[in-house]
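The values are calculated or read from the model by the stated rules, or taken from the named source; none is laboratory data. Because the structure is a prediction, the values reported are computed rather than measured. Here the Cβ positions follow ideal geometry from the backbone for every residue, glycine too, while neighbour counts run over all protein chains shown.
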Amino acid sequence: MKGFFSNFKGDAFGGLTAGIVALPLALAFGVSSGLGPSAGLYGAIFISFFASLFGGTNTQISGPTAPMTAVSMLVIAGIIGANDGNVEKALPAILTIFLMVGIIQIGLGAIGIGKYIRYIPYPVVSGFMTAIGVMILITQLLPAFGYYPKEDEAFVNQFKPQAEEVILNKILKDEAGEGILVLEDFKETIKRAENISHDEIYLEAVTLAGNAASGVMGAIKSLPNALSNINYLELILCLVTIVIIYGFKRITTAIPSTLVALVIVSGVAYGFGLKYRPIEEIPSGFPIPNLSIFSEFSLSSVTPYIFTALSLAFLGAIDSLLTSVIADNMTKTKHKPNKELIGQGIGNSIAAIFGGIPGAGATIRTVVNINAGGKTKLSGMIAGVLLLIVLLALGPVASQIPAAVLAGILITVGIGVMDYKGLKAMPHMPKIEVAIMIIVLVLSVFWNLVYAVGIGLVIASLMFMKKMGDVTASKSKVESLEGLEGNNLKESVWKDEINIPKQLKENIFIKHLNGPVFFGSTSELQQLAMQIPETAKYVILRMDRVPYMDQSGVYTLEEIIFGLEQKGVKTHIVGIQQQPLYLAKNIDIVPDLIPEDRVFKDFDSCIAYLNNAIEEDSTDSKE
């Protein structure tokens, strides 16, 4: 406990500063997610406190982040759409998905996945981060112009015929369930249809209009309507917010410019009685657990989103551990990746129970905390407590913040989150890496963010395997020792192969294997085996430089050796390392195909063995 409070002053200042930075972002991410500002604030409170308490990075400040919010937004929109646009009805399923995200992260940490996250290829991360920025920018254009599709009567009226069709389908479904729908008598159907009010049709049309205008494609389709219905007050408030955020940074970075913009623009708008659109009301009082997650749990409502929950959990893990690496570099410490995942999982689980959106380690907030003096877990916990105090004391005041101000804050977040380093490097990067980056970027923005990352990972993995296979093939040699005498002797022959007795050179062929033998190199392995001429009597496989073999590699090797043995060519293995030897013995290459006396630790002992074998063969043939 003494160590916990060893840096109390620095941690207090760091936590307070980080909490101040987190406040406007938490509200903005909550609004962007579709669950409202309170969901962002609840997420920031609980994730910050519990991820710090249980996590493995002392200085990390966690909470809702741009990538996590972008994916959460898709989940929320999908489930709300499936529940007739009713947020209250959809909320248990939404929060159940977020609870699953936290539980999955705890599981990932418990089984030790944390140390493998660093193997995500950079082009995939770069394309993803740039896509997040583009998505935020596009989706914030409508609120920046002060245009809300659900409130545009002309736009909503376009969906009335579709709304009537949806309501009629519901009536038919209900009647089929009640067992009163029969072909001979549609009286009940007609009676119910006649009772449909104009208000019901309009409300259904509002839901359909909201669904049609959601997401990136919806925002793009709605842009012409937004441009013809600009609310100039909202646009000015948004632009002034952006100008202050970028302008104030030039004056000083000691005070967060997002908070300055939030306070100034909101204060002026409220003080002068401007007729702006405020954000949704933030409930006052301590957050209450949403027990409907458990009481109204339905497996069918969450099953379609299990893969998305898994992807969101991995995204949060990557987001957090990348921030942990940055914190390590700044503090000269070393984080515990698996413990960090468990902490993030606990934070996200508790946040979901209280109605908060999921989050991860936040880079900017973590850097602010470290620069302000934060050194221990106490700083992140203090940041969470500060946000709770703001909620309890200033909830009604925060509810008067203009929605356009949060749109302006999010636009700067979208601009800032893009990977400009990766974009600038594109002309100098290998074409395949540029292609992966663009594929992930385009698919994320215009199709499905989660699937785009999956496709990017698959392509990157296949390309890596292709390269590794090419490297293995280019370094492998299958040559007659007799044919190696000449100008390229030093290039082709390993040092211990130079002074081979002359009588061996005509009969022995050597295969040099370099690097891992895995499923990406099996075709090259088979090709090289075909180069061994029919005249060969003995083949030596030099495996000194093969650190690893997978199942595909060892089975391919088995096929090659079996083929050679059938032709009467005896195979000898030199220098095989522990892991490949274990596999070879496991599937009985050794001793069934190659007796143990033909497996040698070094090349010299193999040559001595072959020298004796050839002399014996020569003696037998003379007799």
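What the table below lists for this structure:
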| item | result |
| --- | --- |
| Subset of segment 230-262 [assigned to a helix (DSSP H, G or I), aliphatic (A, V, I, L, M) and under 24 Å from L16 (Cβ atoms)] | I244, I245, I251, L259, V260, A261, L262 |
| Selection within segment 437-473 - of a type in the set (F, W, Y) and either part of a loop (DSSP other than H, G, I, E, B) or more than 30 Å from T556 (Cα to Cα) (or both) | F446, W447, Y451 |
| The listed residue being in a helix (DSSP H, G or I) and either within 16 Å of E204 (Cβ to Cβ) or modelled with pLDDT under 85 (or both), out of P143, P123, P161 | P161 |
| Filter result (more than 18 Å from S33 (Cβ to Cβ), assigned to a helix (DSSP H, G or I) and under 22 Å from the mean Cα position of the chain (by Cα)) within segment 400-436 | I415, G416, Y420, K421, G422, L423, M426, I432, E433, V434, A435, I436 |
| Search result, residues across segment 263-306 that are at pLDDT below 85, surrounded by fewer than 17 Cβ atoms within 10 Å (Cβ to Cβ), in a helix (DSSP H, G or I) and hydroxyl-bearing (S, T, Y) | S292, S295, S300, T303 |
| Whichever residue in segment 342-357 is of a type in the set (A, V, I, L, M, F, W, C) and not in a helix (DSSP H, G or I) and, among such residues, is farthest from I94 (Cα to Cα) | F354 |
| Per-region count, segment 55-69, residues part of a helix (DSSP H, G or I) and over 22 Å from the mean Cα position of the chain (by Cα) | 0 |
| Flag for S311 being under 20 Å from S72 (Cα atoms), surrounded by fewer than 23 Cβ atoms within 10 Å (Cβ to Cβ), in the same structural domain as I357 (by TED's automatic domain parsing) and of a type in the set (G, A, S) | yes |
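This table checks each residue for (1) modelled with pLDDT of 90 or more; (2) of a type outside the set (D, E, K, R).
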{"residue": "F8", "(1), (2)": "no, yes"}
{"residue": "T17", "(1), (2)": "no, yes"}
{"residue": "V21", "(1), (2)": "no, yes"}
{"residue": "V31", "(1), (2)": "no, yes"}
{"residue": "E88", "(1), (2)": "no, no"}
{"residue": "L95", "(1), (2)": "yes, yes"}
{"residue": "L108", "(1), (2)": "yes, yes"}
{"residue": "K115", "(1), (2)": "no, no"}
{"residue": "R118", "(1), (2)": "no, no"}
